[in-house]
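This report concerns only the one structure given below.
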Amino acid sequence: MTVAIDRATGKRRDVRGPRPGRGERLKHSWQKYWYAYAMIAPVVIVLGVLVLYPLVYGLYLTLTDANSLNSARTIGVNHIDATYKFIGLDNYADILWGDLAYDRFWSHFIWTVFWTAACVALHYSIGLGLALLLNQKLRGRTLYRLILVLPWAVPTFVTVFGWRFMLADGGVINMGLDALHLPTPLWLEDTFWQRFAAIMVNTWCGVPFMMVSLLGGLQSIDGTLYEAAEMDGANAWQRFRHVTLPGLRSVSSTVVLLGVIWTFNQFAIIFLLFGNTAPDAQILVTWAYFLGFGQQPRDFAQSAAYGILLLAILIVFTSFYRRWLNRNEQQLAI
């Protein structure tokens, strides 16, 4: 083996010097990329104040028995110091295995999982169907796109309040059902119909985003693939299964993940539609809000513990979801 030697120094050319320490590497990085650090510093500071600090403080509250009676507060000119105590993991144990664990957590968890799965499935299936229609050469296609995007463009509180008026006992929906001599459900009072109405309203609000995303994915698929499949004798279903769905795989995986995260934490629709009047229709995030702000005394520690559990559930789901996608991609590549 030939070893290259520098004639000027008499040293081997492939021998590197000692690796600089961490401090020297940081100093070199700062000198080289100081402008980039200066640009991202405001964002890091804002995220730290708005995200990191509340998260750390909320995690601390979960380890205490803090509520509105023993927290620090000011009444007039009098300041009352906090008297809550450190209790460790008792809040998590009470939520998951306590005497009221099913009524206070597991029943809401089961409903939240069903709500998320049903809404995301409806979002994707209806959105994909509409995207396929809008991807065809139709007269007035631009107008159809505009009309179908409106539910997403209108502010959520306007949409939900509109649905609340229509779902009321004397609303348009029950008046139409009564005119057809059909049963008129108690949309805002009966538990089953409350949940059905919540899924219906969330589907109305969420389909446009899924439709627009999938429509963009459809337009990025090479048209020659369809021509080749048609020449090989593939029918419409076979072209959809073997060309359209594989072509939408990357878009679908992203929008489904986003849909799950958004729907799992969908606070606005449940809260604006029912407020605190439908305890059995509350998902975990709205139930956590009720514990922290909708009752007396307000249970800050339990509410914060629900928030940490929600974060943990989504992190676990996202991890398994990404691994499942990567494994499927590897199998398809083989």
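222 nm [θ] for the chain, helices only, -39500 (n - 2.57) per DSSP H run of 4+, per residue, to 500?
It lands at -21000 deg cm²/dmol.
If you compute log10 I(q)/I(0) by the Debye sum over Cα atoms at q = 0.08, 0.09, 0.12 Å⁻¹ for the structure shown, which of (i) -0.40, -0.50, -0.86; (ii) -0.42, -0.53, -0.95; (iii) -0.63, -0.75, -1.08 do you land on?
The calculated read-out lines up with (iii).
Given a 1.4 Å probe and every protein chain left where it sits, what share in percent of the accessible area of the chain is carbon and sulfur?
Carbon-and-sulfur percentage of accessible area, whole number: 65.
Taking R0 as 45 Å, what FRET efficiency do you get between Thr74 and Tyr321 from their Cβ-Cβ distance, rounded to the nearest 0.05?
It comes out at approximately 0.50.
Defining a contact as two alpha carbons under 8 Å apart and six or more residues distant in sequence, what relative contact order in percent does the stretch 93-201 show?
15
Just order 196-207, 42-53 by mean Cβ neighbour count inside 10 Å, highest at the front, would you? Can you show the working numbers first?
Working: 196-207: 21.3, 42-53: 10.3.
Top to bottom by mean Cβ count within 10 Å: 196-207, 42-53.
Check Thr64: other-chain or 5+ apart residues with amide H under 5 Å from its amide H, H built from backbone geometry?
Ile87
At a threshold of 8 angstrom on Cα-Cα distance, excluding pairs fewer than six apart, so keeping six or more, what relative contact order does the stretch 155-284 reach in percent? Could the numbers behind the result be given before it?
Values: 82 pairs, mean separation 43.1, N = 130.
Across the stretch 155-284, relative contact order equals 33 percent.
Loop only by DSSP, 15 or fewer other Cβ within 10 Å of the Cβ. Give me the trypsin sites (Lys or Arg not before Pro) in the stretch 36-128 that pass, ordered by residue number.
Passing both the DSSP loop test and the Cβ count: Lys85.
May I ask you to derive the relative contact order of the chain, considering only C-alpha pairs under 8 Å and at least 6 residues apart, and to give it as an integer percent?
Once normalised by length, the contact order is 23 percent.
For the stretch 234-334, what is the accessible area per residue in Å² when the probe is 1.4 Å?
52
Sort 137-143, 236-242, 302-308 by the packing proxy (mean of other Cβ within 10 Å over each peptide's residues), most packed first. Before the final figure, lay out each step's value.
Working: 137-143: 9.1, 236-242: 12.7, 302-308: 23.4.
Ranking the peptides 137-143, 236-242, 302-308 by packing returns 302-308, 236-242, 137-143.
So if R0 is 25 Å, what FRET efficiency would Ala236 and Ala117 give, r being the distance between their Cβ atoms, rounded to the nearest 0.05?
Step by step, r from the Cβ atoms, then E = 0.30.
With label points built 7 Å along Cα→Cβ from the Cα atoms of Thr184 and Arg141, find their separation and express it in nm.
Roughly 4.4 nm, to one decimal.
Using θ = phi - 60° and the Karplus form 6.51 cos²θ - 1.76 cosθ + 1.60, what ³J(HN,Hα) does each residue of the stretch 148-157 get, whole Hz, x for Gly and Pro?
Whole-Hz 3J(HN,Hα) from phi for the stretch 148-157: 6, 7, 4, x, 7, 6, 5, x, 4, 5.
The values are calculated or read from the model by the stated rules, or taken from the named source; none is laboratory data. A quick note: this is a predicted structure, and the numbers were derived from the prediction, not measured. Because the Cβ atoms are built from the backbone with ideal geometry, glycine has one as well, and the counts that use them run over all protein chains shown. Please note that ligands, DNA and RNA were not included when accessible areas were found on the heavy atoms of the full protein model with its side chains. Shrake-Rupley method; radii C 1.70, N 1.55, O 1.52, S 1.80 Å.
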